[in-house]
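J.: One structure coming up, written as structure tokens, with questions to follow.
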Amino acid sequence: MLPGLPQDRCLVMGVVNVTPDSFSDGGRWLDADTAIRHGLELVRQGADLVDVGGESTRPGALRIDQDEELRRVLPVIRGLVAEGVVVSVDTMRAAVARQSLEAGAQVINDVSGGRADPDMRSVAAETEAPIVLMHWREHSAVMQQHTHYDDVVADIRAELGQQVDGAIAAGVDPSRIVIDPGLGFSKTGEHNWTVLAHLDAFVELGFPVLVAASRKRFLGELLADDGVLRPVDGRDAATAAVTTLAAAAGAWCIRVHDPAPSADAVRVAARLRQEGRR
Ligand code: PMM
């Protein structure tokens, strides 16, 4: 799917949020030069590709306008691509995806899985860029009001299946589709754990699977001390533990803020999977 990147192990995607309000790194990389430096540092620490996003999707987040999103992401994408970095753009907007690809990004990461912007699927179809379709029900402002599932794994699989079908119907080549169960999006902490325990149900759909647990609230809840959530910057070891398990379960890529431990973890998982195949 991405020539030049390793095919024999789970990939590590590093995160650069060019936003003032993302839950784990909001406000830290708002200026383009700082964001580019940070992206390069993520690569030095083992990221295979870097995901650049200009719009926060934290629970409750409001949307920003398209011009502001473009203003945030394009210079960072150009700067990273100029240094040879493989970049994905984390956006729900077709126009932002298109301009980001023109600026050199190679992958579309649409957390709405094609649902937020009706033109996204045709941009993916026309450009032939790989697209990550994440399970998504509603925008972040209201997503936590949409957390009812009869059977969380079966329901997400079915809804993600509809998103995949929509993309294929719009002309997206199935070999360019990555799926993502969307941890934390219209999901409680309990749901996230159930999904992680059943990643094989997503892997068996036959599409590469991306898993993004990094620093999310459910890890803070797991590691809470006397009812106080473990702060975001204390969740990286747990994130790396999830990486190991996700990679061992056959994930194609994991998306993390702190790539170094996960870069080691995917190598451990690949070695064990190799052993399992003998
Ligand atoms: N989560 C966030 C942002 N982008 N993309 C994909 N594909 N999957 C995710 O679960 C996902 C994402 C929110 O986390 P952040 O604020 O740390 O970027």
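Coordinate-derived values only; no laboratory data. All values reported here derive from a predicted model rather than from experimental measurement. We place every Cβ from the backbone using ideal geometry, glycine too, and count neighbours over all the protein chains shown.
J.: If you filter region 72-105 for trypsin sites (Lys or Arg not before Pro), then keep DSSP loop positions with at most 11 other Cβ within 10 Å, what is left?
T.: Listed in order of number, the matching sites amount to none.
J.: Can you give the extra length, in nm with one decimal, that the chain gains between ILE168 and TYR149 once fully stretched, where that is 0.36 nm per residue apart less the Cα-Cα distance? Could you put the intermediate results ahead of the total?
T.: Values: separation 19, 0.36 × 19 = 6.84 nm, distance 2.54 nm.
Full extension of this stretch gives 4.3 nm more.
J.: Please give the Cα centre distance for region 168-214 versus region 35-85, rounded to the nearest Å.
T.: Region 168-214 and region 35-85 have Cα centres spaced 22 Å from each other.
J.: Could you give the distance between the Cα centres of region 107-135 and region 90-105, to the whole Å?
T.: If you average the Cα positions of each part, the centres end up 10 Å apart.
J.: To continue, here is another question. With a cut-off of 8 Å between alpha carbons and a minimum separation of six or more residues, what is the relative contact order of region 73-133 in percent?
T.: That works out to 33 percent.
J.: A further question follows. Only helices at least 20 Å long along their own axis, judged from Cα atoms, and with Kyte-Doolittle mean hydropathy of -0.5 or greater: name those in the chain from DSSP H.
T.: Both cut-offs are met by 66-82, 152-169, 259-276.
J.: Taking Cα pairs under 8 Å and at least six residues apart, what relative contact order does region 11-276 come out at, in percent?
T.: Relative contact order of region 11-276: 17 percent.
J.: So, one more: Tell me which of GLN99, VAL85, ALA116 sits at the most positive position along the dipole axis of the chain, charges placed on C-beta atoms (Lys, Arg +1; Asp, Glu -1).
T.: Most positive-ward Cα: VAL85.
J.: Work out how much length ARG37 to LEU5 would gain on full extension: take 0.36 nm times their residue separation and subtract the Cα-Cα distance, in nm to one decimal.
T.: 9.4 nm
J.: Given the chain, what percent of its DSSP beta bridges are antiparallel, to the nearest 5?
T.: So the antiparallel bridges in the chain amount to around 5 percent.
J.: While we're looking at this one, here's another question. Give me the one-decimal nm value for the distance between modelled label points at ARG58 and ALA141, 7 Å along each residue's Cα-to-Cβ direction.
T.: 1.8
J.: Which of LEU205, LEU40, LEU101 ends up with the largest GNM mean-square fluctuation for the chain, with Cα atoms connected below 10 Å?
T.: Per the Cα network of the chain with a 10 Å cutoff, LEU205 tops the list.
J.: A follow-up question, please. If you average the sequence gap of Cα pairs under 8 Å that are 6 or more apart and divide by the length of region 99-161, what percent do you get for the contact order?
T.: About 32 percent, as a whole number.
J.: Evaluate the charge dipole of region 11-276 about its Cα centre and quote only its size in Debye, nearest 20, assuming +1 on the Cβ of each Lys and Arg and -1 on the Cβ of each Asp and Glu.
T.: 320
J.: So, R0 is 30 Å and r is the distance between the beta-carbons of ALA95 and ARG277; what FRET efficiency does that work out to, to 0.05?
T.: Calculated transfer efficiency: 0.10.
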